[in-house]
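Everything below concerns the one structure shown next.
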Amino acid sequence: MPVVSVVIPAYNSARFIGETIEHVLAQDLPDVEVIVVNDGSTDDTLGVVARYPSVKVIDQTNAGVAAARNAGVRAAQGEWVGFVDSDDLWHPQMLSSCLALARLHPWALMVLSNSVQQIDHVALAQRHDWPQGIPPHRLEESFEAVFRHPYLGMSSVFMRRQVFLDVGGFNESLRRAEDIDLYLRLLHGRRGYVRLMFDAVHVRVVEGSLSSDSVAGYEQILGVYAAFLHRHPTYATDHPRLLADTFADIRLRHARALLRSDRQGQAILEAWRAVRLRFNQETLAFLLRALVPLAWTRGLRRAVGRLA
């Protein structure tokens with residue numbers, strides 16, 4: 001029976017999933033079960049995964065990353081489960097460090113690691129000398145901190161399989177922000193989690209991959225928070241400043257995503273909502289930056305109209 005099961009959701013991941021699997025198989029922790037859930041890929045993802053005979057494969061019709069991870073956990077045999085996305089990479093001691101910290105702090109609902117983006121993956125294992133003894137870590141016991149900054153990432157989340165199942169797993173109706181929804185449900189009213197204070201994960205930035213840093217992503221994040229507040233109606237009145245700061249930040253991020261998508265009018269409206277929630281230099285500066293090009297455009301149109 002494996003101690004740990006690692007779940008890798010995959011959709012059109014042929015380009016990078018081989019490296020991800022190799023990094024998981026290279027962990028210094030024995031008895032690791034590796035499960036790839038192919039979520040309806042149309043490329044050669046299954047062909048690449050077939051090169052690794054020890055990897056268990058679940059092949060399903062495309063249903064989204066939440067459904068893929070849930071399917072992987074249901075099939076897992078390990079007492080513990082870890083998650084890694086199909087284009088990310090792990091330091092060889094990532095899993096063993098997470099397991100050590102989970103056993104050191106049995107109250108913790110999960111362990112996750114610091115990560116680094118866009119470094120040469122060859123240098124990942126040698127980036128730092130791995131610390132000896134108890135891995136450096138921090139206890140994260142403030143739910144308010146998670147509520148305010150919920151972008152914890154998924155490629156190092158490690159927890160007991162039963163804890164994951166007891167909280168209901170991922171919400172399969174969500175195509176994005178399913179991780180934030182899980183964190184809010186998992187951690188509210190409970191003690192917290194442990195963070196490994198070491199860059200044990202290389203998060204590869206891949207153009208075209210699903211991201212919450214998008215218009216659709218922020219719309220789903222707003223929906224996740226609305227659902228949380230519906231389940232806990234007194235939370236808003238108990239934490240008014242926290243809610244104002246949190247929603248101002250999300251709406252500002254949403255406005256930036258809208259502006260990147262050339263949806264200027266909607267970006268201005270969303271930025272104005274952020275300003276009303278939290279009037280500060282950052283939100284006001286973005287609102288003005290979004291407004292100025294629109295004013296120039298209108299002025300140019302008026303000038304052209306006079307000349308016509």
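The values are calculated or read from the model by the stated rules, or taken from the named source; none is laboratory data. Note that this is a predicted model, so its numbers are computed, not measured. Glycine also receives a Cβ, built like all others from the backbone with ideal geometry; neighbour counts cover every protein chain displayed. The protein model used for the area step is the full one, side chains on, heavy atoms only, and it has no ligands, DNA or RNA in it. Shrake-Rupley method; radii C 1.70, N 1.55, O 1.52, S 1.80 Å.
Brief remarks follow.
- Residue that is surrounded by the fewest Cβ atoms within 10 Å (Cβ to Cβ) [pool: residues in region 78-98 that are modelled with pLDDT under 95 and of a type in the set (D, E, K, R)]: D87
- Only one of the listed residues (L182, L196) is without any contact (Cβ under 8 Å) to a residue 40 or more places away in the chain and open to solvent by less than 20 Å² (accessible area, probe 1.4 Å). That residue is L182.
- Taken over region 156-179, residues that are outside any loop (DSSP other than H, G, I, E, B), in contact (Cβ under 8 Å) with a residue 40 or more places away in the chain, under 24 Å from A226 (Cβ atoms) and open to solvent by 10 Å² or more (accessible area, probe 1.4 Å) amount to 1.
- Scanning region 210-225 for residues that are assigned to a helix (DSSP H, G or I), open to solvent by less than 60 Å² (accessible area, probe 1.4 Å) and closer than 17 Å to L184 by Cα yields a total of 8.
- Filter result (open to solvent by 30 Å² or more (accessible area, probe 1.4 Å) and either part of a helix (DSSP H, G or I) or at pLDDT 95 or above (or both)) within region 243-264: D245, F247, R251, R253, R256, L259, R260, Q264
- Just one of (1) under 20 Å from E19 (Cβ atoms); (2) at pLDDT 95 or above fails for L101. It is (1).
- Qualifying residues in region 172-227 (those that are within 21 Å of S97 (Cβ to Cβ) and of a type in the set (G, A, S)) - the one modelled with the lowest pLDDT: A200
- Scanning region 60-77 for residues that are surrounded by 20 or more Cβ atoms within 10 Å (Cβ to Cβ) and either under 22 Å from G18 (Cβ atoms) or not β-branched (V, I, T) (or both) returns G64, V65, A66, A67, A68, R69, N70, A71, G72, A76.
- Unmet requirement for V32, which otherwise passes all of (1) more than 22 Å from L196 (Cα to Cα); (2) among the aliphatic types (A, V, I, L, M); (3) open to solvent by less than 70 Å² (accessible area, probe 1.4 Å): (1)
- Of all residue pairs spaced 6 or more apart or on separate chains, those with beta-carbon atoms under 9 Å, a first member in region 233-245 that is under 11 Å from R278 (Cβ atoms) and a second member that is open to solvent by 40 Å² or more (accessible area, probe 1.4 Å) and in a helix (DSSP H, G or I) are L243/L277; A244/L277; D245/R148; D245/L277.
- Pair list, Cβ under 6 Å, 6 or more apart: region 133-146 residue assigned to a strand (DSSP E or B) and surrounded by fewer than 14 Cβ atoms within 10 Å (Cβ to Cβ), other residue basic (K, R) and modelled with pLDDT under 95: none
- Output for region 17-26, where each listed residue is crowded, with 20+ Cβ neighbours inside 10 Å and not β-branched (V, I, T): H23
- Elements of type strands (runs of 3 or more DSSP E) in region 1-68, at least 3 residues being farther than 22 Å from C98 by Cβ and in contact (Cβ under 8 Å) with a residue 12 or more places away in the chain: 56-60
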